[in-house]
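Enquirer: Pasting a structure below so you can have a look.
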Amino acid sequence: MNWYDKAIIYQIYPKSFQDTNNDGIGDLKGIIKRLNYVKDMGFNTIWLNPIFVSPQVDNGYDVSNYFAIDPILGDTNDFSEMIEKAHRLGLHIILDLPINHTSDQHPWFQDAVEKDNSIFKDYYIWHKEVNGHEPNNWGSFFGGSVWEKNPHNPKEYYFHLFDKRMPDLNWKNPEAQKSIADIAKFWIEKGVDGFRLDAFIHVAKANFAQNSLDNSTKFPIDDQFYAKLPKVKNYMAGFVKEIKQIKPDVFLFGEASSATARDAAEYTRPNEHVCDVVVNSDNYGEIFDDSNADIPRFFQSRKLSLDSLKKTYVTWESVLDQVSLPTLTWGNHDISRVLDRLNLPVNDSRVTKLLATLLFLQRGIPVIYYGEEIGMHGLKYEHISNFHDQRALDLIKTLRQKGYKDSNILQLLNNQDEMTARGPMQWDTSKYYGFSKKQPWNWAKTEPICVDEEIKNSNSIMMFYRELLKIKQHDCFTNGNFQLLITKPQFYAYLRKTPQQSGLVVVNFSDQESNFNLPVGKWHTVLANSDVQVVDGVLKIQPWGSCAFETKS
């Protein structure tokens with residue numbers, strides 16, 4: 001077993017976690033300041049969103065220097081101090097590593113643009129114009145074409161799957177692969193324990209002569225041409241093998257937003273040199289209100305469906321059995337916070353605790369977004385002009401053209417847009433929640449909840465999370481197999497079993513008190529969000545109740 005098989009991951013968005021120099025932007029010293037908090041909560045691994053030098057076109061995912069810390073966050077001395085203290089506390093550090101693209105300000109790209117004979121020209125993807133226009137009609141995830149003209153040669157285009165200021169790397173080029181591996185090695189030597197491989201499923205592209213047949217827009221997004229292609233595994237194999245040679249237990253946490261369970265199995269097969277685990281962006285059990293075709297799916301109203309969640313995790317647990325561990329998460333920096341997004345039936349701490357119990361005690365690695373452990377909500381902006389991310393700008397433009405009121409567009413954005421989830425961590429009751437003495441870089445009104453208040457209340461969400469993460473480390477909930485029980489629709493219940501111990505989780509996702517027949521055994525309660533009554537093997541479970549039990553096998 002590797003150390004990361006027992007990982008409990010805390011995702012920190014560095015710009016929004018803790019500001020120590022009062023410029024309104026979080027920094028590495030702020031993370032250092034809060035490492036004891038992370039440890040005391042029960043996490044053992046920290047995933048940091050990108051901290052490298054960047055023009056911040058895409059909040060750090062556009063890297064211009066992979067070998068230095070962005071000055072807005074600190075410097076290499078701060079990084080070394082953070083690693084040293086984290087390791088002393090028994091915490092592992094994972095860095096977010098964008099490997100599909102760089103910034104257009106990166107020296108490789110600058111040299112490639114300026115010199116036709118540049119040694120870095122083949123680090124990127126180029127194509128001559130076709131009949132005076134783009135080489136094909138493929139659409140970028142950030143809108144428009146994936147092709148942008150070379151500013152020094154208007155008859156030549158470069159490929160960018162995301163923003164035009166984020167050119168894609170050419171993974172066909174062995175030198176480019178080696179350079180990315182050298183970056184990973186550099187940070188491993190600095191003490192890093194692993195990497196989240198951002199957008200790794202996009203490193204292979206199809207034949208550029210092929211146009212998309214989708215006629216719904218001028219430049220349709222058609223990821224059959226640039227997602228999960230067979231060459232992804234080939235390209236990744238050399239990169240992974242090289243860095244595993246210098247650190248065999250480096251943890252590679254692959255981001256594959258559109259991955260199915262079978263895709264995840266392909267990318268995590270032991271000894272095939274790809275990823276150790278894969279996380280996707282569609283395992284939340286959501287069902288969408290698709291009654292209005294004007295609204296893109298991402299911004300549609302949605303709610304949690306236990307039936308959908310059951311089908312999802314039975315599939316993932318079954319397909320990944322004996323292959324790898326699923327990742328267990330309610331969200332991240334690329335989607336609004338779970339308590340805002342899912343239109344939960346009541347605004348009640350019992351439901352927040354229920355969601356945590358239901359998900360994180362399953363077989364898999366919990367990945368918990370900062371603030372989730374205190375029940376943080378997203379920011380609520382007062383005007384649509386406060387939104388600057390590309391997806392929001394596209395929505396505003398589209399819906400305004402169709403006659404939608406700004407107030408209606410604002411509601412959609414506040415419920416679903418990713419920027420609402422990147423607000424400052426709420427530490428205390430001061431003006432800016434103890435994050436900074438200056439207005440944070442991303443600021444709007446939100447629910448007044450904070451660590452200092454939660455820690456005083458033994459029934460708070462935060463204290464519940466502490467107990468939950470202790471129980472997650474028990475043998476049955478770490479190593480046990482997974483069996484979803486067949487139940488009435490309002491229940492989500494499952495068993496976790498090892499030869500020595502068994503665990504049972506039962507949640508009642510309804511506003512009615514219900515009875516649940518426990519499996520045979522001498523069960524004792526280890527966690528509950530409300531009163532637990534068991535009489536003759538029958539559990540009387542409260543509305544929105546959740547509980548976990550254990551017994552010796």
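The values are calculated or read from the model by the stated rules, or taken from the named source; none is laboratory data. Keep in mind that this is a model prediction, so the values were computed, not measured. Neighbour counts run over all protein chains shown; Cβ positions are idealised from the backbone, glycine included. When the accessible area is computed, the model is the full protein with side chains, heavy atoms only, and any ligands, DNA or RNA have been set aside. Shrake-Rupley method; radii C 1.70, N 1.55, O 1.52, S 1.80 Å.
Enquirer: Which net charge results for the neighbourhood of Phe516, defined as the other residues with beta-carbon distances under 11 angstrom from its beta-carbon, given Lys and Arg at +1 and Asp and Glu at -1?
Expert: +1
Enquirer: OK, next. More than 40 angstrom separation, counting every C-alpha pair in the chain; what % is that?
Expert: Roughly 25 percent, once rounded to a whole number.
Enquirer: Mind giving me the FRET efficiency for Lys311 and Gln512? R0 is 25 Å, r the Cβ-Cβ distance, nearest 0.05 is fine.
Expert: About 0.60, to the nearest 0.05.
Enquirer: Now a separate question. Sort 470-477, 116-123 for me by packing, meaning the mean count of neighbouring Cβ atoms within 10 Å per residue, highest on top.
Expert: 470-477, 116-123
Enquirer: How large is ³J(HN,Hα) for each residue in region 305-314, as worked out from phi by the Karplus curve 6.51 cos²θ - 1.76 cosθ + 1.60 (θ = phi - 60°), to whole Hz, x for Gly and Pro?
Expert: Each residue's phi maps through the Karplus curve to give 10, 4, 4, 5, 5, 4, 4, 4, 7, 4 Hz.
Enquirer: Let me ask you something else. Considering only protein heavy atoms and a 1.4 Å probe, what is the carbon-and-sulfur percentage of the accessible area of region 481-551?
Expert: Looking at region 481-551 in its full context, I get 49 percent from C and S.
Enquirer: Measure off, as a whole percent, the carbon and sulfur share of the 1.4 Å-probe accessible area of region 57-176, all protein chains present.
Expert: Answer for region 57-176 is 49 percent, counting heavy atoms of protein chains only.
Enquirer: What dipole magnitude, in Debye to the nearest 20, does the chain give about its Cα centre under +1 on Lys/Arg Cβ and -1 on Asp/Glu Cβ?
Expert: 800
Enquirer: If you fit an axis through the alpha-carbon atoms of helix 76-88 and take the longest principal axis of the Cα set of the chain, what angle between them do you get, 0 to 90°, nearest 10?
Expert: Helix 76-88 and the main axis of the chain meet at about 30 degrees.
Enquirer: So what's region 481-551 giving for Cα Rg divided by 2.2 N^0.38 Å, two decimals?
Expert: 1.02
Enquirer: Hey, if you put +1 on the Cβ of every Lys and Arg and -1 on every Asp and Glu Cβ in region 431-498, which of Cys476, Thr446, Ser460 ends up farthest toward the positive end of that dipole?
Expert: Thr446
Enquirer: Next question. Which ³J(HN,Hα) values in Hz, rounded to whole numbers, follow from the phi angles of region 350-358 under the Karplus curve 6.51 cos²θ - 1.76 cosθ + 1.60, where θ = phi - 60° and Gly and Pro get x?
Expert: Residue by residue, region 350-358 yields 4, 5, 4, 5, 4, 4, 5, 5, 3 Hz.
Enquirer: Also, I was wondering about something else. Straight distance only, please: which aspartates and glutamates reach the Cα of Lys218 with their own Cα at less than 12 Å, same-chain residues fewer than 8 apart left out?
Expert: Glu134
Enquirer: Lys and Arg at +1, Asp and Glu at -1: add these up for the other residues within a Cβ distance under 11 Å of Pro151 and post the number.
Expert: Summing Lys/Arg as +1 and Asp/Glu as -1 gives -2.
Enquirer: Of Gln500, Gln490, Val520, which is farthest towards the positive pole of region 481-551's charge dipole, taken about the Cα centre with +1 and -1 on the beta-carbons of Lys, Arg and Asp, Glu respectively?
Expert: Gln500
Enquirer: Here's a follow-up. Any chance you could check the Cα centroid distance between region 175-226 and region 362-409 for me, in angstrom?
Expert: Centre-to-centre (Cα) distance: 25 Å.
Enquirer: What is the local net charge at Tyr404, summed over the other residues whose Cβ is closer than 12 Å to its Cβ (Lys, Arg +1; Asp, Glu -1)?
Expert: For residues surrounding Tyr404, the net value is +2.
Enquirer: Could I ask something else about it? With every protein chain left in place, what is the accessible area per residue of the chain in square angstrom, probe 1.4 Å?
Expert: Roughly 41 Å² per residue, with all protein chains present.
Enquirer: In degrees from 0 to 90, rounded to the nearest 10, what is the angle of the helix 231-246 Cα long axis to the longest principal axis of the chain?
Expert: Once rounded, one gets 70 degrees.
Enquirer: Next up: With the cut-off at 27 Å, tell me which of the pairs Lys85/Lys470; Lys29/Lys353; Lys353/Lys445 have Cα atoms farther apart than that.
Expert: Pairs exceeding 27 Å: Lys29/Lys353.
Enquirer: At what distance in angstrom do the alpha carbon centres of region 452-514 and region 94-142 lie from each other?
Expert: 47
Enquirer: Can you give me the long-range amide H partners of Ser145? Hydrogens built in the peptide plane at 1.01 Å from N, cutoff under 5 Å, separation of 5 or more residues or another chain.
Expert: Under 5 Å from the amide H of Ser145 lie the amide H atoms of Ser140, each far enough along the sequence or on another chain.
Enquirer: Name the residue from Asn215, Tyr369, Tyr432 whose Cα lies farthest towards the positive end of the charge dipole of the chain, charges +1 on Cβ of Lys and Arg and -1 on Cβ of Asp and Glu.
Expert: Result: Tyr369.
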